[in-house]
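Encoded as structure tokens, the structure appears first; notes follow it.
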Amino acid sequence: MQTTILNNLNEAQLQAVSSEPENQLVLAGAGSGKTRVLVHRIAFLIQAHGYSPHQILAVTFTNKAAKEMRERLSGLMGDYDGPFSARSMWVGTFHGIAHRLLKAHWQEAGLPQNFQILDTDDQLRLIKRVYQALNLDDSRWPVKQAQWFIGGQKDEGLRPQHIVEGRDPFLATMKSVYQAYEEACERGGLVDFAELLLRSHELWLKNPDLLRHYQQRFRYLLVDEFQDTNAVQYAWLRVLAGNVSHITAVGDDDQSIYGWRGAKIENIQQFEHDFSPVAVTRLEQNYRSSANILSAANAVIQHNAERLGKSLWTDDGDGELIDLYTAFNEQDEARYIVERIKAFTEEHKLNNRDCAILYRSNAQSRALEEAFIREGLPYRIYGGQRFYERLEIKNALAYLRLLVNRFDDAAFERVINTPTRGIGAKTIETVRLFAREQGCSMFEALQGAISHQVFSARATNALKSFVELIDTLKDSIDGLALEEVAERVIRQSGLLDYHQKEKGEKGQARVENLQELVNACRVFDPQDEGLSPLQEFVDNAALDAGDAQADEFDDAVQMMTLHSAKGLEFPLVFLAGMEEGLFPHKMSLDEHGRLEEERRLCYVGITRAMKKLVICFAESRRMHGNENFNSLSRFVREIPQDLLQEVRIKSTITRPASYGSSRHGAARYSGSPLGSQSNVEDYPGLCLGQQVRHKVFGEGTIVQFEGQGGSARVQVNFDSEGSKWLVLQYAKLQAL
DNA sequence: GTTAAGGCATTTTTT
DNA sequence: ATGCCTTAAC
């Protein structure tokens, strides 16, 4: 058994896996077998050092990572049941584990047993209501900012009483919002994401016996993506470890890309200090990318000053050069990518799913999508709206939540008039006021208001029917299977009808999603005996993005942001939109730390590629409705030129200087983006954007050059015939 | 209670 | 350009 665990590990991996139990920091470069080390380390602890899976806690950031770790563990150790079953090991996300703790110790945590998790959207709505209660001007203090503030404070482990506002009106306002928001959560039994962590941290601090129990139980902690931990997460780990348990922290400072949401790279150094002595291992051998790709990645990241220092290397050959394509505009960029993917998959006998297009911001996907649709090449966009965040799903879930806990004001407000049942803003406001006055939930306030005849007959009727609806549903679901509950709720609440009546594809998609929700209920596998499946399902929905759905098996080209590409790998990778202002994003330019984070993001992007990396850059790009002329990203200029190969023909690019009037924009510079010498001979008298005449196709515009000498070709967009590639030698184009 | 019209911002994302 | 949200009019 032990042999399999230690087999096929390189020296550094072996050291990390097989060392004595101790505090260790594994600096794992991209593609260096990080998860492998983590999983083998766990297996080794169990089989060589006699740890029970019961004593091990492994924490990740995403459900996906947790799932992968669980799968690989059972692959390595076997999926047998019994006292040493891998199933008794806690493997989960920080939030998932914190939630589990709070569920188990709700009383000590000061929560109702059926507390609900508030997602970002619920949170925003709740804060909006807090604003109304406090009579705050949301133009002066944007609600989003308050949400950001509250989350930020919680991530730092701070409660309202910790905030010293002094004479700062902003702090004073935010503090009062935070305070009122906390009260609202308290009333409704609501817990937001940051609260899960903070609350479970406080749970331990306030209950030493409980803490001792968990400290004695979890003798070994393992943390993935350690560079992404924020202050509370770090404190949480530190408290849990105490001075009895050991920690293995695995991370890569060069891949820290979430500083903007509270992640602290410094936790790595802090860890070495707080958990001293710490054995540090560097995993620098890369098993993913060709040497050229790695050299490029190393060259870029070396421009960052604040690094722990690490340099990837590989046994693999140089591989192909990195292509650099200078596109005319974003359409041309998209067109080029489609073309390259078609050629590449054919040439290398690869699938579409082996190709990925990575970009800095979501808005870039549009032009790409259009080109893919036009060319009939299947694609899949990652990210975007998650299943459980869709309007119709949230509505249905709100009904389900009300059935679990009718004090849940967030759910109440969402569906009190959805579908519309004649309960207007005025009526709801009155209920809200009532609830506030009496310090009770809105549902209770509503019942009180009805019996006191506060509303007009019409409103009273509508309100009564709502209460009745919830009551009837509640009564009728006893003993029903989860999917029957969902089915019934969707139907009887009128949600299904409501969305069916919606016009266009939108309504149809929503109905389908609702059916998908019923489906999700059917396949849902409750884990906790103590909870009702409904309650568990509802909790789960909040913690689970619900992605990784069906399309996974389709053979589609993958499109995603650089952020969501972290942890993935693809044979062919395109980095699209490598332009100053877009990447690095202009929002990050003024701050040194932000710029370094952008550079790490670039490093992440480059290191996703296994065989071939293609970098694209558009000379002109439409953003927010107007044309932008950006220069090549500094990150590309940081790549040694001998690793790059420019795809575009080297011709002097001069375009008619017709700013604004021509949709082709104007020339900004001459020559190649890297500044090497140009070669105009291949395209005498022609330039991009130029009008030309062809004796068969008529008039058109030159949009692209390719090749040289006898094989020099141009792409022309003909007014009547569309776009065509023509070999210059034969086409006899006439410049206009 | 529904729809039309204007205002406004528009990096990145998990839980 | 686009979408999202608030506000004003039907």
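Using θ = phi - 60° in the Karplus curve 6.51 cos²θ - 1.76 cosθ + 1.60, the 3J(HN,Hα) couplings for segment A:59-65 round to 10, 10, 9, 10, 4, 4, 5 Hz; x is entered for Gly and Pro. Database remark: amide H of A:E646 closer than 5 angstrom to the amide H of A:L324 (H placed geometrically; neighbours at sequence offset of 5 or more, or on other chains; Pro and chain starts carry no H). Once both labels are positioned 7 Å from their Cα atoms along Cα-to-Cβ, the gap between A:W148 and A:D121 label points is 2.2 nm.
A:S311 to A:Q641: FRET efficiency via 1/(1 + (r/R0)^6), r the Cβ-Cβ distance, R0 25 Å, to the nearest 0.05? With R0 = 25 Å, the Cβ-Cβ based efficiency is 0.80.
Under 5 Å between amide hydrogens, built in the peptide plane, is the criterion, and for A:I265 it picks out nothing among residues at least 5 positions away or on other chains.
For segment A:296-335 versus segment A:6-44, the inter-centroid distance based on Cα atoms is 27 Å. Each label point was placed 7 Å from the Cα along the Cα-to-Cβ direction; for A:V696 and A:D497 their separation is 6.3 nm. When only the Cβ of Lys, Arg, Asp and Glu is charged (+1, +1, -1, -1), the dipole of segment A:247-287 relative to its Cα centre reaches about 140 debye.
Per the helix-only calculation at 222 nm, which mean residue ellipticity applies to chain A, given -39500 (n - 2.57) for every DSSP H run of n ≥ 4 and division by its residues, nearest 500 deg cm²/dmol? When only DSSP H runs of four or more count, the value is -13500 deg cm²/dmol.
Relative to the dominant Cα principal axis of chain A, helix A:34-49 is inclined by about 50°. Annotation: extensible slack from A:Q161 through A:Q515 equals 122.9 nm (criterion: 0.36 nm per residue apart, minus Cα-Cα distance). 3J(HN,Hα) along segment A:478-488: 3, x, 7, 5, 3, 5, 5, 4, 4, 3, 5 Hz, from the Karplus curve 6.51 cos²θ - 1.76 cosθ + 1.60 with θ = phi - 60°, whole Hz, x for Gly and Pro. 3J(HN,Hα) along segment A:290-297, derived from phi through the Karplus expression 6.51 cos²θ - 1.76 cosθ + 1.60 where θ = phi - 60°, amounts to 6, 4, 4, 5, 5, 4, 4, 4 Hz, with x in place of Gly and Pro. Its Cα centre serving as origin, chain A has a Cβ charge dipole (Lys and Arg +1, Asp and Glu -1) of approximately 1200 debye. What do you get for the angle between helix A:533-543 and the principal long axis of chain A? Use alpha-carbon atoms, 0 to 90 degrees, nearest ten. It is inclined by approximately 40 degrees. Using the average count of surrounding beta-carbon atoms within 10 Å as a protection proxy, the listed peptides A:246-252, A:361-367 rank, highest first, as A:246-252, A:361-367. Taking amide H as placed 1.01 Å from N in the peptide plane, the amide H of A:I247 sits under 5 Å from that of A:N23, A:Q24, A:L221, each at least 5 places away or on another chain.
The label point for A:Q132 and the one for A:D318, both projected 7 Å from the Cα toward the Cβ, are 6.7 nm apart. Would you mind checking the tilt of helix A:365-375 against the longest principal axis of the Cα atoms of chain A, expressed as 0 to 90 degrees and rounded to 10? Tilt of helix A:365-375: around 60 degrees.
Taken together, the values in this text are just the output of simple stated rules run on the coordinates, not laboratory data. Just so we're clear, the structure is a prediction, and the values are computed from it rather than from any experiment. With ideal geometry, Cβ positions are generated from the backbone for all residues, glycine too; neighbour counts draw on all protein chains shown.
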